[in-house]
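Just below is one structure, and these are the notes that go with it.
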Amino acid sequence: MIWHHIEKGHGRPLILLHGIGMNSEAWAPVMDRLAIRRRVIAFDIPG
């Protein structure tokens, strides 16, 4: 299975999971700020 994801930054990974009826773009407003110190990964969860 291949999952779409968005990844930004470097360092210790921080995985972001969206809520029901959403996708990884829900995290777009905060990803840049979190990626200053962390490797941020937001997955699109199927279903």
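Since every read-out is calculated from the coordinates, none of them should be taken as a lab result. Here the structure is a predicted model, which means the values were calculated and not measured. A quick note on method: Cβ atoms are made from the backbone with ideal geometry, for glycine too, and the neighbour counts reach across all protein chains shown.
Principal axis analysis of the Cα atoms in the chain yields extents of 31, 23, 11 Å, listed in decreasing size.
For ARG39, nonlocal amide neighbours, meaning residues 5 or more places apart or on other chains whose placed amide H falls under 5 Å from its own, are HIS10, GLY11, ARG12, LEU14. A simple spin-label model places the labels of ASP32 and ILE6 1.1 nm from each other, with each point 7 Å out along Cα-to-Cβ.
Listed from fewest to most Cβ neighbours within 10 Å, the set MET1, MET31 follows the order MET1, MET31. Model label sites at MET22 and ASP44, defined 7 Å from Cα along the beta-carbon direction, differ in position by 1.6 nm.
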